[in-house]
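Notes for the one structure printed next.
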Amino acid sequence: MNEQLPRARFTPMQRHFIEAYLVSRNITKAAIAAGCKERSAHAVGWKWFNKTEIRAEIDARLASTLDRYAVTSDRIIRELAMIAFGNLDDFIVVQDDGTVAVDFGTATREQVASLSGIEIDEYSEGRGDSAKPVRRVKLKFSEKRQALMDLAKLTRMMPADRIEHSGGVQVEHKLDIAALSHEQRDQLRTLLLAARKPTITDVDDES
């Protein structure tokens with residue numbers, strides 16, 4: 001975040017607030033980073049955040065970042081799907097003697113995306129002329145359950161309230177906005193911008 005903000009539009013503290021918010025996505029923390037005292041940071045931060053020019057600058061910078069890194073709902077869902085549906089069978093082969101070996105020979109880029117890491121351990125087993133080289137490969141998968149949950153939320157597949165109507169059953173997804181704190185509401189807004197840019201309609205590693 002090294003873009004230069006217009007000096008005439010913002011005070012030095014407001015410029016620091018904007019920069020800090022873009023990093024932490026937390027209004028109170030951003031206000032503290034800008035120099036506000038902790039006891040007043042929440043109130044001052046929200047006062048700044050609700051200023052039209054400051055909010056416009058933040059929104060423009062967020063949109064620019066999303067565009068720069070090609071963050072779209074389609075790409076987010078695609079990446080989550082590669083993690084959620086990764087399978088061990090994609091990386092192993094059963095040999096003639098019945099043993100199983102790791103094999104990346106046919107693995108695609110999409111399949112490899114489900115992995116969070118690979119550990120290779122090489123050592124000798126036995127002594128002298130009878131020593132045999134041993135090579136063990138350990139695959140680490142990203143958290144499938146969390147990826148599945150995130151996918152379900154983004155695609156509106158999570159369990160929902162069912163309301164009976166004369167014409168049938170209408171399914172509604174409810175989120176108690178009033179119960180959220182100011183910080184949670186702001187985080188929700190940021191998630192919506194990332195997942196449904198440019199239209200905001202809804203929200204919401206190693207196994």
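Throughout, read-outs are computed from the coordinates displayed, never taken from laboratory work. The structure displayed is predicted, hence computed values, not measured ones. Methodologically, a virtual Cβ is constructed for each residue, glycine included, from the backbone with ideal geometry; neighbour enumeration extends over all protein chains shown.
Given a Förster radius of 45 Å and the C-beta distance between LYS47 and VAL137 as r, what FRET efficiency does 1/(1 + (r/R0)^6) yield to the nearest 0.05?
0.20
Just grab the label-to-label distance for SER73 and GLN95, each label 7 Å out from Cα along the Cβ direction, in nm (one decimal).
Each label point is offset 7 Å from its Cα along the Cβ direction, giving 4.9 nm.
So what are the ³J(HN,Hα) numbers for region 93-99, from phi and the Karplus equation (6.51, -1.76, 1.60; θ = phi - 60°), rounded to whole Hz, Gly and Pro as x?
9, 8, 7, 4, 7, x, 7
Put +1 on the Cβ of each Lys and Arg and -1 on the Cβ of each Asp and Glu in region 53-128; which of TYR69, SER114, ASN87 then has its Cα farthest toward the positive end of the dipole?
With unit charges placed on the Cβ atoms, the residue in question is TYR69.
What are the ³J(HN,Hα) values, in whole Hz, obtained from phi via the Karplus relation 6.51 cos²θ - 1.76 cosθ + 1.60 with θ = phi - 60°, for each residue of region 86-92 in sequence order, with x given for Gly and Pro?
x, 9, 4, 4, 5, 10, 10
By average Cβ neighbour count within 10 Å, what is the ranking of 15-26, 77-88 from highest down?
Averaged packing, sorted descending, gives the order 15-26, 77-88.
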